[in-house]
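Q: Attaching a single structure in structure tokens format; questions to follow.
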Amino acid sequence: MMRKENVQFYLSVDGNTEELYFKWLKERLNSSPNAVRTVSFDIKQKKPSSYAKSLSVLTETIAYHVCDKETSSISDKEKFKRTLAEMKDIHKIRPCITYKLAYSNISFELWLLLHKTSCNGIKKTASDYFPNIKKTFSLDGVVSFNEYKEEKNFNRVLSQLSLKDVKEAIKRAEEIQRNNAAVQQETVYKGYSFFEDNPSLNIHCLIQKIFDASEGR
């Protein structure tokens with residue numbers, strides 16, 4: 001049997017839940033009957049600059065930073081801009097690496113919920129998603145946002161997802177962005193585009209690229 005071509009993606013992520021999600025996605029895609037290629041992730045919980053310095057690549061490489069665009073507070077806005085500036089400057093220290101943005105506003109929980117349901121309400125903090133997460137994924141016995149993020153509980157969430165759910169999440173995310181585009185203009189900073197208001201996200205664009213690589217498109 002001919003060995004499938006492998007496509008590797010380079011990802012720096014904010015935290016453990018994001019890393020667990022992408023590992024789950026890889027396993028599901030590679031075992032799918034629709035897979036004509038395998039996918040793999042070089043994924044680390046690092047800031048973009050640290051991640052870029054750790055890569056041994058010598059040819060033109062695209063890396064993605066999977067992160068939250070957090071609250072509308074001045075400190076969180078400045079933090080996000082610093083991250084974008086850091087991504088833009090990677091080219092100065094590693095000319096072969098181009099960094100792209102895969103954000104969720106205001107947190108990765110928005111992306112997770114879209115696997116199962118529409119999520120159009122404005123949230124003030126990431127923990128505001130917890131009641132919806134607990135209800136949607138039947139997390140009985142989990143009493144707080146931090147407890148849900150523990151690996152054993154987050155794996156309960158992942159166990160309830162399918163590739164069909166991921167494709168539905170992409171569709172729901174596209175609808176959110178279409179609705180955003182109808183009422184507000186994207187902000188552009190250091191060459192990266194994003195909507196200021198939540199909910200908004202573009203992580204689904206990365207996920208679609210991963211699907212396309214797996215399924216040969």
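Only the coordinates and a few stated rules stand behind these numbers; no lab work does. This one's a predicted model, so the numbers in the text were calculated from it and none came from an experiment. With ideal geometry, Cβ positions are generated from the backbone for all residues, glycine too; neighbour counts draw on all protein chains shown.
Q: Using DSSP to define loop residues, name the GluC sites (Glu not before Pro) in the stretch 50-116 whose beta-carbon has at most 10 other beta-carbon atoms within 10 Å. List each step's numbers first, then the result.
A: On the way: sites: E60, E70, E78, E86, E109; in loops: E60, E70.
Qualifying residues, ordered by number: E60.
Q: So for the chain: antiparallel DSSP bridges make up what percent, rounded to the nearest 5?
A: Numbers: 5 of 24 bridges.
Around 20 percent of the beta bridges assigned by DSSP in the chain are antiparallel ones.
Q: Here is a further query. What percent do you get for the relative contact order of the stretch 105-165 when only Cα pairs under 8 Å and 6+ apart count?
A: Values: 34 pairs, mean separation 17.7, N = 61.
So the answer I get is 29 percent.
Q: Could you tell me which of N153, N180, M87 has its Cα farthest along the dipole of the stretch 65-217 towards the positive end, charges placed at Cβ (Lys, Arg +1; Asp, Glu -1), taken about the Cα centre?
A: Most positive-ward Cα: M87.
Q: Grab the other residues whose beta carbon is less than 12 angstrom from that of V183, score K and R as +1, D and E as -1, and report the net. It would help to have the intermediate numbers written out before the result.
A: On the way: positive: R178; negative: E186, E196, D197.
With Lys, Arg at +1 and Asp, Glu at -1, the net is -2.
Q: Shifting gears a bit: Counting helices only, and only those DSSP H runs with n ≥ 4, report the 222 nm mean residue ellipticity of the chain as the sum of -39,500 (n - 2.57) divided by its residues, in deg cm²/dmol to the nearest 500.
A: Values: 9 runs with 101 residues, N = 217.
That comes out to -14000 deg cm²/dmol.
Q: For the chain, what is the convex hull volume of its Cα atoms per residue in Å³?
A: Looking at the chain, the number lands at 132 Å³ per residue.
Q: On to the next question. Stretch V143-Q160 to full length: gain in nm at 0.36 nm per residue minus the Cα-Cα span? Working shown, then result.
A: Values: separation 17, 0.36 × 17 = 6.12 nm, distance 1.91 nm.
Going from the current span to full extension adds 4.2 nm.
Q: If you don't mind, there's one more thing I want to ask. Give me the distance between the Cα centres of the stretch 154-170 and the stretch 1-33, rounded to whole Å.
A: Result: 14 Å between the Cα centres.
Q: Jot down the radius of gyration and Dmax of the stretch 91-141, Cα atoms only, both in angstrom.
A: 15.9, 49
Q: Turning to a different aspect of this structure: Using alpha-carbon positions, what is the distance between the centroids of the stretch 56-103 and the stretch 199-217, in Å?
A: 18 Å
Q: Another question, if that's okay. What is the extension gain from E196 to N16, computed as 0.36 nm multiplied by their sequence separation minus the C-alpha to C-alpha distance, in nm to one decimal?
A: 62.3 nm
Q: So what is the relative contact order for the stretch 90-217, in percent, with contacts set as C-alpha pairs under 8 Å and at least six apart? It would help to have the intermediate numbers written out before the result.
A: On the way: 125 pairs, mean separation 44.0, N = 128.
It comes to 34 percent, rounded to a whole number.
Q: Oh, and also: Summing +1 for each Lys or Arg and -1 for each Asp or Glu, what net charge is found among the other residues whose Cβ lies under 13 Å from the Cβ of E147? Present the calculation step by step, with values, prior to reporting the outcome.
A: Details: positive: K134, K149, K152, R156; negative: D140, E150, E151.
Local charge sum for E147: +1.
Q: Take the cross-link list K23/K69; K26/K190; K134/K167; K26/K47; K4/K46; K46/K81 and give me the ones stretching past 26 Å between alpha-carbons.
A: On the way: K23/K69 22 Å; K26/K190 31 Å; K134/K167 22 Å; K26/K47 22 Å; K4/K46 30 Å; K46/K81 17 Å.
Long pairs (Cα-Cα over 26 Å): K26/K190; K4/K46.
Q: Same structure, new question: For C96, C119, C205, what ranking results if the residue with the fewest other Cβ atoms within 10 Å of its Cβ goes first?
A: The most exposed by this proxy come first: C96, C205, C119.
Q: Among residues other than S118 whose Cβ falls under 9 Å from its Cβ, what is the net charge (Lys/Arg +1, Asp/Glu -1)? All intermediate terms of the calculation are to be shown ahead of the outcome.
A: Numbers: positive: R172; negative: E175.
Computed value for this residue: 0.
Q: From Cα pairs below 8 angstrom and at least 6 apart in sequence, can you work out the relative contact order of the chain, rounded to a whole percent? Please list the in-between numbers first.
A: Values: 327 pairs, mean separation 53.1, N = 217.
This gives 24 percent for the chain.
Q: Using +1 at the Cβ of each Lys and Arg and -1 at the Cβ of each Asp and Glu in the chain, identify which of I62, Y192, A169 lies farthest towards the dipole's positive end.
A: Farthest along the dipole direction, towards plus: I62.
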